[in-house]
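Structure first, commentary second.
Since every read-out is calculated from the coordinates, none of them should be taken as a lab result. All of these numbers come straight from a predicted model, not from anything done at the bench. Every residue, glycine among them, receives a Cβ derived from its backbone with ideal geometry; neighbour counts consider all protein chains shown.
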């Protein structure tokens, strides 16, 4: 059985109520007494009973997060930033990769304060939850708000930047699954960007990865390079771009000397690749910050009518070069 408040009171030689106040950081306890109690509690390995505490305060200070997978670097990076942001507000995160229905039911039983749902598939039309839910990306039932980023704008910026560097034969390698609206937005951004710049349809290439893992990007890029070699590639995600890098190296080509590469997903890990990747997309720090800001608003039972769609940013590193430099 764990250490209780009564155990701490006996060891510290104070009353039960004094220990309770000290653990809540109450100003009614003298600083010297409070420090003594906290020291004793730490030495005894005391852990607060979150369930009991939430019954009293009606808050668990816990957020349930429904996540597609933890196997991809981009999603792991974002989950870490969300956790960091929650810690700033003294919240904890419970993460589930179970289907949405079952995850929401479990989180309700745990009495979390709110739920964040990020799904890469169309969510169910009906969800039952006693706590607020915020969707990210794919919209949920109309009764729940959705936070999003401007994926279309991000890919258009990538096309425009490559065009400025002199590239005219540009490939987009990404998941073209029509059921995934988030990925379709990226494809539309590529198509619109090429059209606006009057690029020849014969020089603009789209390659379907049928997935978002690095292996999917590797296989798609390998197959494309067996047929044709564009001067520039836009990868539909960080993980896909890692796969593209490997395929380019296997083909005995170099980035950016032979092929320029831009990755969707504005995450710090992109700077650690060889070469450091030019990226496009909303910075994950801003995504996490806006998510938590919106969740805390819902927890306070305040209206959340206008959630801003985050704009993208292009971060230029060493994976792109001017086509004139390549040809020269």
- Message: Pairs of alpha-carbon atoms within less than 8 angstrom and 6+ residues apart define the contacts here; what relative contact order does the chain have, in percent?
- Response: 15
- Query: Is it possible to state the helix-based mean residue ellipticity at 222 nm for the chain, with each DSSP H run of 4+ residues giving -39500 (n - 2.57), the sum divided by total residues, to the nearest 500 deg cm²/dmol? What is it?
  - Reply: -13500 deg cm²/dmol
- Message: I'd like to compare 282-291, 96-105: which one has the highest average count of other Cβ atoms within 10 Å, and what's the full order after that?
- Response: 282-291, 96-105
- Query: Roughly what would the spin-label model give for residue 87 and residue 30, points 7 Å off Cα along C-beta, in nm?
  - Reply: 3.5
- Query: Share of antiparallel DSSP beta bridges in the stretch 201-328, in percent to the nearest 5?
  - Reply: 25
- Of the peptides 8-19, 296-307, how do they stack up when ordered by the mean number of other Cβ atoms within 10 Å, highest first? 8-19, 296-307
- Query: For the chain, what proportion of DSSP beta bridges, expressed in % and rounded to the nearest 5, is antiparallel?
  - Reply: 10
- Spatial separation of Cα centroids for the stretch 219-246 and the stretch 253-328, in angstrom: 18
- Pairing the Cα long axis of helix 73-88 with the longest principal axis of the chain, what angle in degrees results, from 0 to 90 and rounded to the nearest 10? 30
- Item | Residues of the stretch 193-231 with amide N under 20 Å of a point placed 7 Å along Cα→Cβ from residue 272 | 213-218
- Item | Mean separation of Cα contacts under 8 Å (6+ apart) over length of the stretch 34-165, as relative contact order % | 20
